[in-house]
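So the structure is just underneath, and the comments pick up after that.
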Protein chains: 2
Amino acid sequence: MNIAVVGLGLIGGSVCKALKQKTSHTVFGIDINDIIKQNALKLEAVDYVIEPDKLVNIDIIFLCLYPMESVKFIKDNIAFLKKACIVTDVCGIKTYIENELDLFLKQNGCYYVGGHPMAGKETSGFFNSNASLLQGASYILTVSPHTDSAAFNKINDIIKILGCSVIVTDSNAHDKIIAYTSQLAHIVSSSYVKSPTVQFEKGFTGGSFQDMTRVALLNENMWADLFLLNKDNITREIDNLTEKLKEFKNAICDGDKKRLAVLLSEGKKIKQKHL
Amino acid sequence: MNIAVVGLGLIGGSVCKALKQKTSHTVFGIDINDIIKQNALKLEAVDYVIEPDKLVNIDIIFLCLYPMESVKFIKDNIAFLKKACIVTDVCGIKTYIENELDLFLKQNGCYYVGGHPMAGKETSGFFNSNASLLQGASYILTVSPHTDSAAFNKINDIIKILGCSVIVTDSNAHDKIIAYTSQLAHIVSSSYVKSPTVQFEKGFTGGSFQDMTRVALLNENMWADLFLLNKDNITREIDNLTEKLKEFKNAICDGDKKRLAVLLSEGKKIKQKHL
């Protein structure tokens, strides 16, 4: 098949490289940056680079842009899409993309399958991409009432060949869970480093500070979009965490050792079930 | 020299094993548990096990008990200590121990040097101890106006031989910084796992959930004591973090992308200075 990857950043570049390494599909790269396109060709991360008006030959599109850019790309270029083309994305938010593209693509004779690889790192861009980024990662696929099962199966098969474990859910569940497992962690990390005490941390940690703050190295524009597109879920998680922190503070202020040990013990028991 | 290690848990056991492996000092173990004492002998983690009334021959004591037990051990057994014995501890709180033992030991012809190895793991007890736990770790030593420089140098030399990097500070600075780099992280981890959404996390994380919650596996009684003995510092850090989380929440509720990107960018810049 002919597969196009739109946006040759960290994830898009890694998808290209994994497709080239692990499948015999022909890989087409689309990007706005000439240097990156030339490098993608030189490194054989793609077979060809194309402009959007050549999408008519493409069977599957991997949208590897930010959420709003992903939607815009499809709406701007819908006239060029091949009939029965399958479009999948890699955004960290799924209800917004599904609301914008699922029915829209169907009405235009194409298919949408939502995707979100649980892979990333603290550096971005094509030059940090590699095929192994996806190896062993969870890759969430979302289904809706409009999902075409043949289209879903094609994406599912490719994702598995790329070395990922596929998790299937719906877009609402995805956004609710990801607000907790990923988005909240980024907000906590970014908040954690802002204590005035941070200036003295060197030599005073056995690793917990590093773990707690690792994901503060993030792409601020992408994450700002993700938070705003998942407002209700992420604010609920912030409220919940704030409430739990307050319980600790109250027990400490009250000098209530018994209560404090219970709070810690409850946390330990939950963590033991979620290693 | 004759060195006694009091309390053969994770840290005490590791100190014994590192002393045996890396020095020619004679190592004496003190513990209340017979099985652990017999195993320490069998594994040659110690040369001898003794009761506290045999401390008269000991030049250096490593107190490896919880904070209040550490203080109680010295006060109960002060009569048995050799003149000019150096006592050092490994507690995660330093003002309390210093207030209780520094002058008290000096008035009894002995010396106190505060210590806190930045080493640990999510399992406790002698059977999880090993010499390599301390290798490469920061080891904080605290000094006070009463600190004897010869006593300090002896402890400093031993700690370096055990493979640690020594950081020297005073007890107030230690407690302030450790509230942030370590204690707050444990409270955040323990709070983070308590979201109702935790039941769905499996497959929905690329590692940030794991990093964020690693230290929720803790010894609740030890940490409850540490928090209560550092009340002002830890509650200030909880307040600060809560305030920063609120800034994120407000920007999200307001749909203020620009503000959100600034908040994230500020966090990223701080993290880049504190990798």
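The values are calculated or read from the model by the stated rules, or taken from the named source; none is laboratory data. This structure is a prediction, so every number in the text was calculated from the model and none was measured. Note that we place each Cβ from the backbone using ideal geometry, even for glycine, and neighbour counts take in every protein chain shown.
Annotations
- Test: residue in region A:205-220 that is modelled with pLDDT of 95 or more, of a type outside the set (A, V, I, L, M) and out of contact with any helix residue (DSSP H, G or I) (no Cβ under 8 Å at 6 or more places or on another chain): no
- Hits in region B:99-122 (condition: assigned to a loop (DSSP other than H, G, I, E, B) and either crowded, with 20+ Cβ neighbours inside 10 Å or out of contact with any Leu (no Cβ under 6 Å at 6 or more places or on another chain) (or both)): B:Asn108, B:Gly109, B:Cys110, B:Met118, B:Ala119, B:Gly120, B:Lys121
- Selection status of A:Tyr139, out of contact with any Pro (no Cβ under 9 Å at 6 or more places or on another chain), of a type in the set (Phe, Trp, Tyr) and within 10 Å of chain B (Cβ to nearest Cβ): no
- Tabulated pairs, region A:263-275, first within 7 Å of chain B (Cβ to nearest Cβ), second surrounded by 20 or more Cβ atoms within 10 Å (Cβ to Cβ) and among the polar types (S, T, N, Q), C-beta under 6 angstrom, 6+ apart or interchain: A:Leu264/B:Ser190; A:Gly267/B:Ser190; A:Lys271/B:Thr213
- Scope region B:192-234; condition at the interface with another protein chain (Cβ under 7 Å from one of its Cβ atoms), over 26 Å from B:Gly125 (Cβ atoms) and either within 16 Å of the chain's Cα centre (by Cα) or in a helix (DSSP H, G or I) (or both); matching residues: B:Thr197, B:Val198, B:Phe200, B:Ser208, B:Phe209, B:Lys231
- In region B:1-21, of all residues being over 16 Å from B:Ile36 (Cβ atoms) and in contact with a strand residue (DSSP E or B) (Cβ under 7 Å, 6 or more places away or on another chain), the one that is surrounded by the most Cβ atoms within 10 Å (Cβ to Cβ) corresponds to B:Leu19.
- Number of positions in region A:178-188 that are of a type in the set (S, T, N, Q) and at the interface with chain B (Cβ under 7 Å from one of its Cβ atoms): 2
- Within region B:123-143, the set of residues being assigned to a loop (DSSP other than H, G, I, E, B), on the phi < 0 side of the Ramachandran plot and surrounded by fewer than 16 Cβ atoms within 10 Å (Cβ to Cβ) comprises B:Thr123, B:Gln135.
- Residues being in a helix (DSSP H, G or I) and within 32 Å of the chain's Cα centre (by Cα) - total across region A:249-275: 9
- Filtered residues of region B:144-161 (kept if within 15 Å of B:Asp59 (Cα to Cα) and either outside the structural domain of B:Cys110 (by TED's automatic domain parsing) or surrounded by 13 or more Cβ atoms within 10 Å (Cβ to Cβ) (or both)): B:Asp148, B:Ala151, B:Phe152, B:Lys154, B:Ile155, B:Asn156, B:Ile158
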